[in-house]
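Student: Have a look at this one before I ask anything.
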Amino acid sequence: MTALPPNSGMPTTRGLNFFDADPNLFHALRAYAAPGDVERALPHLRELGRIAGSELDELAARADANPPVLRNFDEHGNRVDEIVYDPAFVRMQEIGFSEFGFAAMSHREGVLGWPSRIPHVIKYALSYLFVQGEFGLFCPISMTDSAARVIDQFGPDELRQRYLPGLTSTTFSSLLQSAQLLTERTGGSDVGANECVAREENGQWLLTGEKWFCSNVGADIHLTLARPVGAVAGTKGLGMFLVPKTLADGSRNRYTVRRLKEKLGSKSMPTGEYEFHDAVGYSVGDISRGFAQMTEMINVSRLSNGMRAAALMRRSLLEAVTHARGRSAFGKALVDLPLMREQLFEMTLDAESALSIVLYAARTLDDADSGSEFHEKVIRIVTPLIKYAVCRRARTVAGMSMNIRGGNGYIEEWVNARLVRDAHLGSIWEGSENVVALDVARAATRNRAHDALFRDLESRLDTLTDPEVLRISQPVRLRLMEVASRFEALLSGDADLRDARMTAMCDRLAALTCTVLLLGEADAEARAGLGYRKLLIANEYRKRYLDLVDPLDLGDEGITFLDEVLDGGRVPAAAVAGW
Ligand SMILES: Cc1cc2nc3c(=O)[nH]c(=O)nc-3n(C[C@H](O)[C@H](O)[C@H](O)COP(=O)(O)OP(=O)(O)OC[C@H]3O[C@@H](n4cnc5c(N)ncnc54)[C@H](O)[C@@H]3O)c2cc1C
């Protein structure tokens, strides 16, 4: 029998450095990070890119195929509700929590040798690389990170001192992880319908009820919502509680884990159901503002979900490009077939615009955290916008990538099926698609957050200087005014119609925001003498998503310059066809 040659025209991304393979990440990051931070982050980005394409990718495949199991009882029949992980997942936890310190970056100085706390924009760029290797673990990482933020902001000193050192530890043995429990059988979107109650007894809060979804089962602490006895109905009556796994005397807290969910994806990380039986909970912050405080955690998680969706798109694109370049059909490399080139170009527009809006949001969060009320407003509206638009698009891009790998794309030995499954989750948890689209409207009606966003976009257009970029940007200004006035009209019109049109409005708003951001990056690249690659991306994105040009009227710019686009090469100004 003749042995097949290695790879047999079935190219793989395994072993690639995901940072080096993505010239856009470096340039995009420079547009949003503070001067000097990208250079400081460079060795870590490169190292993470190497790990993501090798060890992490292998571990992720193993952990996905061997999901955690729940062991309810020990050999003596004692209730333990312990999670047994595949060693691959434990190793990934070490990489994520300890070696890179993702959950600690925003809270401690000195992580990765950084002289201060690592800015969100750098954390997101690093996370973007990590998630290209492993998606599931980033939920526990993000919940631990955001729990530390919430406890720091709202928690009493006692809880701060007891839990923050563990939540932000980069030493694996002393790490404490967090989970976030909102969803009950009565509703995930309608959290105000929650039935879990809290009663105060001898100065201690005791929680009774169930939680229908809990990711990172087995966490050391849980931030949850429960209604103090006698409190009003709806979200206003919910208090926030920290439910620890272990009580101060070392005994188990009084809750049980009923079962783990059989999930479509994100299988490496356990999601299950909880029952509280007079579980001890420590009140966090103002007991009458539990839901408002929880939204702080939810918003950071929503942003993290947008970052993860952008990472899934980038990985999907990399898989598709690697396959198309290494496999042939009809006597040609797939990548040289015009229709394939068009698809790869379109996926690149999706992946790069998603990264731009995610890094923009991360930088905005840095500015908001520094006390800027203006940026607080911008991040308030951009967060649900990203959660809606980027997560939605990731499903399509992951599906396109599966299709491009052909039959192998449907086979579990390849990463595509996992990417498709994970991409769907982003649009469901932490607020499903409709719910986050409606939250964009809420941010506008309650905070007039859209005014800040439109103002920010306008001032970004004002800073453009390159003549070619200016040429393309002039009509975008008119679009900005048009989108702003349609948004305002929708808000002030009939409420039912506003809600019914909100996803369409978010599509338009996301397209406008991404177009302006891409133009800003294009301007910086042109001024740095790097040519007009990014302007080509901005302009083709603008045509397809903002101006909704009939696809039959599109030109051949994408298929002509695909290689320059993929490899970060130079594109001449003449390639960027005008209006
Ligand atoms: C794998 C996984 C892990 C999870 N982990 C956690 C966790 O750790 N902690 C946690 O608290 N939850 C968790 N969840 C739950 C998740 O957040 C909820 O499932 C989600 O918020 C939706 O809630 P629901 O399932 O009750 O759906 P519903 O609220 O019943 O929504 C059903 C549909 O109705 C739509 N809808 C709702 N309101 C409106 C409206 N006003 N207008 C139009 N459409 C609307 C929604 O968009 C959705 O499409 C997890 C879910 C999954 C799948």
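The values are calculated or read from the model by the stated rules, or taken from the named source; none is laboratory data. This one's a predicted model, so the numbers in the text were calculated from it and none came from an experiment. In this analysis, Cβ positions are derived from the backbone assuming ideal geometry, glycine residues included, and neighbour counts consider all displayed protein chains.
Student: On the given criteria, is G136 more than 16 Å from the ligand (Cβ to nearest atom) and out of contact with any strand residue (DSSP E or B) (no Cβ under 6 Å at 6 or more places or on another chain)?
Tutor: Answer is no for this residue.
Student: G272 fails exactly one of the following numbered conditions: (1) on the phi < 0 side of the Ramachandran plot; (2) more than 27 Å from the chain's Cα centre (by Cα). What is the number of that condition?
Tutor: Of (1) on the phi < 0 side of the Ramachandran plot; (2) more than 27 Å from the chain's Cα centre (by Cα), only one is false for G272: (2).
Student: Is there a residue in the range 497-506 that is closer than 28 Å to A33 by Cβ and under 29 Å from the mean Cα position of the chain (by Cα)?
Tutor: In the first step, residues of the range 497-506 are kept if they are closer than 28 Å to A33 by Cβ; the result is 506.
Next, from what is left, pick out any that are under 29 Å from the mean Cα position of the chain (by Cα): 506.
Checking the range 497-506: at least one residue is closer than 28 Å to A33 by Cβ and under 29 Å from the mean Cα position of the chain (by Cα).
Student: Evaluate the following for S288: is it under 25 Å from G192 (Cα atoms), within 16 Å of the ligand (Cβ to nearest atom) and not acidic (D, E)? Walk me through it before giving the result.
Tutor: Numbers: under 25 Å from G192 (Cα atoms): yes; within 16 Å of the ligand (Cβ to nearest atom): no; not acidic (D, E): yes.
Against the criterion (under 25 Å from G192 (Cα atoms), within 16 Å of the ligand (Cβ to nearest atom) and not acidic (D, E)), S288 does not qualify.
Student: If you don't mind, another one. Please give the strands (runs of 3 or more DSSP E) falling wholly within the range 151-253 in which 1 or more residues are surrounded by 14 or more Cβ atoms within 10 Å (Cβ to Cβ) and within 16 Å of the ligand (Cβ to nearest atom). Please lay out each step first, then the result.
Tutor: Values: elements: 178-181, 197-201, 204-215, 221-228, 239-244.
Correct list: 178-181, 204-215, 221-228, 239-244.
Student: For A452, only one of the following conditions fails: (1) at negative phi; (2) within 16 Å of the ligand (Cβ to nearest atom). What is its number?
Tutor: Condition (2) is where A452 drops out.
Student: Let me ask you something else. Being away from the ligand (no atom under 14 Å from the Cβ) and assigned to a loop (DSSP other than H, G, I, E, B) is the filter; apply it to the range 254-285 and report the residue that is farthest from E412 (Cα to Cα). I'd like the intermediate steps shown before the answer.
Tutor: Looking only at the range 254-285, we keep the residues that are away from the ligand (no atom under 14 Å from the Cβ), and these are 254-256, 258, 275, 277-285.
With assigned to a loop (DSSP other than H, G, I, E, B) added as a condition, the list becomes 254, 284-285.
Details: R254: 40, V284: 43, G285: 46 Å.
If we take residues in the range 254-285 being away from the ligand (no atom under 14 Å from the Cβ) and assigned to a loop (DSSP other than H, G, I, E, B), then G285 is farthest from E412 (Cα to Cα).
Student: Could you check the range 300-347 and list, in sequence order, the residues that are among the polar types (S, T, N, Q), under 23 Å from R542 (Cα atoms) and buried (at least 24 other Cβ atoms within 10 Å of the Cβ)?
Tutor: Filtering the range 300-347 down to residues among the polar types (S, T, N, Q) leaves 301, 304-305, 316, 322, 328, 343.
Next, from what is left, pick out any that are under 23 Å from R542 (Cα atoms): 316, 343.
Correct list: S316 only.
Student: Please verify whether V440 is within 16 Å of the ligand (Cβ to nearest atom), more than 30 Å from R14 (Cβ to Cβ) and crowded, with 21+ Cβ neighbours inside 10 Å, treating the condition exactly as stated.
Tutor: Working: within 16 Å of the ligand (Cβ to nearest atom): yes; more than 30 Å from R14 (Cβ to Cβ): yes; crowded, with 21+ Cβ neighbours inside 10 Å: yes.
In short, yes.
Student: Residue under question is L509, and the condition is that it be hydrophobic (A, V, I, L, M, F, W, C), assigned to a helix (DSSP H, G or I), surrounded by fewer than 21 Cβ atoms within 10 Å (Cβ to Cβ) and touching a residue at least 12 places away in the same chain (Cβ under 8 Å); does it hold?
Tutor: Here the answer is no, as L509 does not meet what is asked.
Student: Name, by its number, the condition in (1) more than 26 Å from the chain's Cα centre (by Cα); (2) modelled with pLDDT of 95 or more that does not hold for P475.
Tutor: So P475 meets the others, but not (2).
Student: Test G53 against the criterion of being touching a helix residue (DSSP H, G or I) at 6+ places or on another chain (Cβ under 9 Å), under 24 Å from S98 (Cα atoms) and either buried (at least 17 other Cβ atoms within 10 Å of the Cβ) or of a type outside the set (A, V, I, L, M, F, W, C) (or both), and give yes or no. Quick ask: steps written out before the conclusion?
Tutor: Details: touching a helix residue (DSSP H, G or I) at 6+ places or on another chain (Cβ under 9 Å): yes; under 24 Å from S98 (Cα atoms): yes; either buried (at least 17 other Cβ atoms within 10 Å of the Cβ) or of a type outside the set (A, V, I, L, M, F, W, C) (or both): yes.
So G53 fits the description; yes.
Student: So, in the range 7-23, exactly how many residues are surrounded by fewer than 18 Cβ atoms within 10 Å (Cβ to Cβ) and hydrophobic (A, V, I, L, M, F, W, C)? Please lay out each step first, then the result.
Tutor: Taking the range 7-23 first, the residues surrounded by fewer than 18 Cβ atoms within 10 Å (Cβ to Cβ) are 7-12, 14-15, 20, 23.
Filter again for hydrophobic (A, V, I, L, M, F, W, C), leaving 10.
Residues in the range 7-23 being surrounded by fewer than 18 Cβ atoms within 10 Å (Cβ to Cβ) and hydrophobic (A, V, I, L, M, F, W, C): 1 in total.
Student: Does the range 356-370 contain at least one residue that is of a type outside the set (V, I, T), out of contact with any Gly (no Cβ under 6 Å at 6 or more places or on another chain) and farther than 24 Å from V436 by Cα?
Tutor: Checked the range 356-370: at least one residue is of a type outside the set (V, I, T), out of contact with any Gly (no Cβ under 6 Å at 6 or more places or on another chain) and farther than 24 Å from V436 by Cα.
Student: Quick check: is even one residue across the range 525-546 without any contact (Cβ under 8 Å) to a residue 40 or more places away in the chain and buried (at least 24 other Cβ atoms within 10 Å of the Cβ)?
Tutor: Within the range 525-546, the first condition is being without any contact (Cβ under 8 Å) to a residue 40 or more places away in the chain, and the residues that meet it are 528-529, 533, 543.
With the extra rule that they be buried (at least 24 other Cβ atoms within 10 Å of the Cβ), the set shrinks to 533.
Yes, the conditions are met somewhere in the range 525-546.
Student: Being more than 30 Å from C214 (Cα to Cα) and outside the structural domain of A528 (by TED's automatic domain parsing) narrows it down to one residue among A484, A495, A444; which is it? Write out each step before concluding.
Tutor: Working: A484 fails: outside the structural domain of A528 (by TED's automatic domain parsing); A495 fails: outside the structural domain of A528 (by TED's automatic domain parsing).
Only one candidate passes the filter, namely A444.
Student: Among (1) touching a Leu at 6+ places or on another chain (Cβ under 9 Å); (2) touching a residue at least 60 places away in the same chain (Cβ under 8 Å); (3) more than 16 Å from the ligand (Cβ to nearest atom), there is one condition D369 misses while meeting the rest; what is its number?
Tutor: Of (1) touching a Leu at 6+ places or on another chain (Cβ under 9 Å); (2) touching a residue at least 60 places away in the same chain (Cβ under 8 Å); (3) more than 16 Å from the ligand (Cβ to nearest atom), only one is false for D369: (1).
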